[in-house]
1. Only one of (1) closer than 30 Å to A:Arg103 by Cβ; (2) crowded, with 17+ Cβ neighbours inside 10 Å fails for A:Val365. Which number is that?
2. Can you find a residue in the range A:435-448 that is modelled with pLDDT of 95 or more, in a helix (DSSP H, G or I) and hydroxyl-bearing (Ser, Thr, Tyr)?
3. Could you check the range A:559-674 for strands (runs of 3 or more DSSP E) lying wholly inside it with 2 or more residues that are of a type outside the set (S, T, N, Q) and surrounded by 21 or more Cβ atoms within 10 Å (Cβ to Cβ)?
4. Of all residues in the range A:398-416, how many are buried (at least 19 other Cβ atoms within 10 Å of the Cβ) and either free of Cβ contacts under 8 Å to residues at least 60 places away in the same chain or in contact with a helix residue (DSSP H, G or I) (Cβ under 8 Å, 6 or more places away or on another chain) (or both)?
5. Among the residues of the range A:832-842, count how many are touching a residue at least 60 places away in the same chain (Cβ under 8 Å) and surrounded by fewer than 21 Cβ atoms within 10 Å (Cβ to Cβ).
6. Under 24 Å from A:Thr658 (Cα atoms), in a loop (DSSP other than H, G, I, E, B) and free of Cβ contacts under 8 Å to residues at least 60 places away in the same chain, is that true of A:Met793?
7. Determine if the range A:744-753 includes at least one residue that is surrounded by 17 or more Cβ atoms within 10 Å (Cβ to Cβ), more than 14 Å from chain B (Cβ to nearest Cβ) and either over 44 Å from the mean Cα position of the chain (by Cα) or under 30 Å from B:His62 (Cα atoms) (or both).
Amino acid sequence: MSAAFRISGAGRLSQAKTASFSFDDKSYTGIEGDTLASALLANGVHLVGRSFKYHRPRGFLSAGAEEPNALVQIVRDDARKTPNVRATVQELYDGLTANSQNRWPSLAFDVGAVNDLASPLFSAGFYYKTFMWPKSAWKNLYEPKIRAAAGLGVSPEKPDPDHYAARYAHCEVLVLGGGAAGIAAALAAAETGVRVILADEQAEFGGSLRFESGAKIDGENGFAWAQAAIARLKAMDNVRVLSRTTAFGYYAQNFVGLVERVSDHLKSPGRELARERLWQVRANRVVIATGAIERHMVFANNDRPGVMLASAARTYLNHYGVAVGKNVGVYTANDSAYAAAIDLKKAGVNIAAIVDLRDNPAGPVIDEARALGIEINFGRAVVSAGGKLRVSSMTVQPKNGGGERTIPVDAILMSAGWTPSVHLFSQSRGKVAFNDETRRFVPGTYAQDCVSVGACNGTDGLDATIDEAYAAGAKAAKEAGGKDSSGKTGKGAKPKVDAGESWSRGMLGAGPGAGPGTTVKAFVDFQNDVTAKDIRQAVHEGMRSIEHVKRFTTNGMATDQGKTSNMHGLAIAADELGKPIPQVGLTTFRAPYTPVTFGSIVGHARGALFDPTRRTATHGWAASQGAVFEDVGHWKRAWYFPKAGEDMHKAVDRECVTVRKVGGLFDASTLGKIEVVGPDAAKFMELLYTNPWEKLETGRCRYGIMLREDGFIYDDGVVGRLAPDRFHVTTTTGGAPRVMNHMEDYLQTEFPHLNVWLTSITEQWAVIAVQGPKSREIIAPLVEGIDMSDEAMPHMSVREGKICGVPTRLFRMSFTGERGFEVNVPADYGEAVWEALWAEGQKHGAVAYGTESMHVLRAEKGYIIVGQDTDGTVTPNDAGLDWAVGKKKTDFVGIRGLTRSDLVAKGRKQLVGLKTKDPKVVLEEGAQIVADPKQPIPMKMIGHVTSSYWSENCGRSIALALVAGGRDRMGETLYVPMPNGTVEVEVTGMVFVDEKGEHLNG
Amino acid sequence: MLLIRCPYCEEERPELEFRNAGEAHIARSTNIAGESDDDFEKFFFIRANPKGVIYERWRHIHGCARFFNAVRDTVTDKFIMTYKAGEPKPAKLPGAAK
């Protein structure tokens, strides 16, 4: 069954291949190859949406990517509900379900249309004027209401089940746009043998050849020639042809982003197919062949469904075989609408009248239209369209005023001329230039290795376009290293244009029907409901720059980015300002050219693949023990190991007490590790750390502090000297990469005379900390070749030997204050050695403990954590670590910074301990500290809490804090004001357990 | 994405492989401990922020890991040239006006 407006014999689709679809729950039949737009039009449906602000009924303006009106929601299932899809580019598939947007309760009867009647309230800049007072109402009342009312489509509520692919590609010549110009350029470039990529946003190549019935190339109809040329290009090994692929962004150094719609046109795409594919292409040369976009005429009610661009009506007829009406009016200011009238007339559609704003135009298309008996009215304007849900008439008037005449029509085709698509050129940072004669912006100064050809370059006529494009393709390829193909004959020679259509001028701005002083709704920007009046009003209210006019009226700011509206808006503003167009300026073109899904940008980088996860060798073991993990940078670290019925506090209390009573195992593998090796290793260490290193004996360790040049603590860690020329340096977990970078920076650029190699060994060694009074008994049975007695291996020493038969670097060191060891083994053996140590530990009743207990245990001893107890403004002295700064040293990074006047001034914040007066109260980390809680607000804050925990070992809470002049305040009472009351604290030393340090050998 | 030529690898690689490392040609004094406040201020705190040509350090961190110097135009973002660490500031830039 053929749809009512499908004309048999017209168009290129095979009528045999039908596809059923639904729109707003009503079923229709279309043909394979249709867009949703052409299929609806074939069924006589023009009304497809409601406008953004006024909820006016809207139909199809265009047949392509520039469509501002026909935005629909495509629904595949609960998780796949894509809003704001342009019906003019959505390809039809059998079973397609589409819904209209921005209407309630129905498309034909929309309550929101009351906005249209109340439109004086919604004039330009109304947001800025209407919703100003009271101030609080914006957040609580206006914004939520406006957002609820203004949305177009509806987002799906479930996660996107589709996947998105990504490809990088390189080529010598990238051709953007596959119309006559792009194909000619690609043919010329391809012949030279260089790598060519040709991309076009449509399903089929040909661009405007889809509707130009008058084009004939190499003896064939233009569209047929395009298909043959594409087949030829596809067969060449050096050419990649991408259809359904939109170049959306042009970035630095000919880096172009394209998105390929892989499966949105398929009935039921298999899971193996990505929905879209992002192409990131680096090209030596780019040929931009993006064509031109037809402009509408600006007159009253030019948004009524059925009023559309002439080229759109021609596309629907010549490509899809669909008549957009039975009795069609034409309103134009240039020749190209005549061709649409002629094509429709020849297909049997009545052309009610052509209304031409020009006084006495002449030319072959006008003669042909006249010969076909079409009524032509020169020097007249359509001042208004009648009808509501569908255009029913057009009112015609002499352009300088006079008697009106109303002509019944069911569609109006309009053309104000063509705007070159300079979007990508402009994105490449090229500067456009205004041509006064043709009144359009065309590419002016180039910033990158690209060239514009054809209509986007302001080149009129098919013959000139093919000449220019073929030459440009050949030149680009030659510049990129290809051979010269310009004189090619035979296959691959320059296509010969036998007949072609010619672009011509037109008009910019509003027609007489929307002249000054009128308040009619003559739309400039359909999607954002901006009228000619709004733009004039913006000028009257003081907007001078087009950038201001744009923001005040929102002209060109909708999802179509002003493809049809920008030039009209600019012309109206310029007219009102009495300035030439170039002086008013053109708004900036920004990526993306058309909306791009987040999915295509994100690709596979979501969920677990969003960011790398680093796991230590014992991760699996810890997970099997029920460990709770915390994220530390990219690492997953065991946080605590709860037993049945334990919450975090109970587990941590048990772990902390057991470590001090017996022992515990802790995975310290995430600490950064750097091996500093070479004849000058000690000299290098002297320069990078505050401590002295030359005299550190082999086999001994030292706690090192690294500063930045400004004197502030940058990192810390225990360093072991394995040999005179070899240091095993540990860093904080989070600081590992930046410490490595810091060391490399100095080694390569400031101290390149030092003979030193730096190697990151973080991933090479798994580190198992065994801490507590029984630590030696736990380790010793597994160790070979190392005397672990206190005499042979005192605190802060390192030995190499074997554990469980594998190599180990065994450190005797402690971050708990108890006797402790850190067992380094090659990461591959980490889990096995851990399990062996765990088995030994079990014999003594040791625990596995996580990062939370590690934090508590170190805080009980006043050991700092760089980045928690320091914040980039803390010196060694501030942290009570002056002893670690080599007093006799003449140079190290930070030595000069430490002597800066503000760093040696009195009253600096110093790290101290805090005990709450009520031992059960645990302070909040980050809480501010004041000396006098009764002072008026804002109070003078003298410091803040950096670390705070419940210490089961102390039977009370403990805290560390940075307090101004803190070490002079020992015993003083300070106050921590909190929302539910002020907490009294006493300033103390930083060591809460074993002040004399006897446990280290206990 | 910019392409940057690493003077050690001797080829252009994508920006993702590099990390900026601040202004170039600021040498650390060999007697930094004895430096005056003014000199230390110039060395540590004061940086050029030109509109136009800037001399800066980059590191080919996800490549050869070497630090090198680059001349870049901050207006166009174009790299005028790159050269190895330790080499003097180029007296003349390629493409510069005569």
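The values are calculated or read from the model by the stated rules, or taken from the named source; none is laboratory data. As the structure is a computational prediction, the values presented were derived from the model and not from experiment. Every residue, glycine among them, receives a Cβ derived from its backbone with ideal geometry; neighbour counts consider all protein chains shown.
1. (1)
2. no
3. Because the criterion is at least 2 residues that are of a type outside the set (S, T, N, Q) and surrounded by 21 or more Cβ atoms within 10 Å (Cβ to Cβ), the strands (runs of 3 or more DSSP E) in the range A:559-674 that meet it are A:635-640, A:664-667.
4. Number satisfying all stated conditions: 6.
5. Adding up the residues that qualify gives 3.
6. no
7. Taking every residue of the range A:744-753 in turn, none turns out to be surrounded by 17 or more Cβ atoms within 10 Å (Cβ to Cβ), more than 14 Å from chain B (Cβ to nearest Cβ) and either over 44 Å from the mean Cα position of the chain (by Cα) or under 30 Å from B:His62 (Cα atoms) (or both).
Matching residues to (1) crowded, with 23+ Cβ neighbours inside 10 Å; (2) modelled with pLDDT under 95; (3) in contact with a Lys or Arg (Cβ under 8 Å, 6 or more places away or on another chain); (4) among the aliphatic types (A, V, I, L, M):
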residue	(1), (2), (3), (4)
A:Ala274	no, no, no, yes
A:Arg277	no, no, yes, no
A:Val281	no, no, no, yes
A:Val287	yes, no, no, yes
A:His296	yes, no, no, no
A:Arg304	yes, no, yes, no
A:Gly321	yes, no, yes, no
A:Val330	yes, no, no, yes
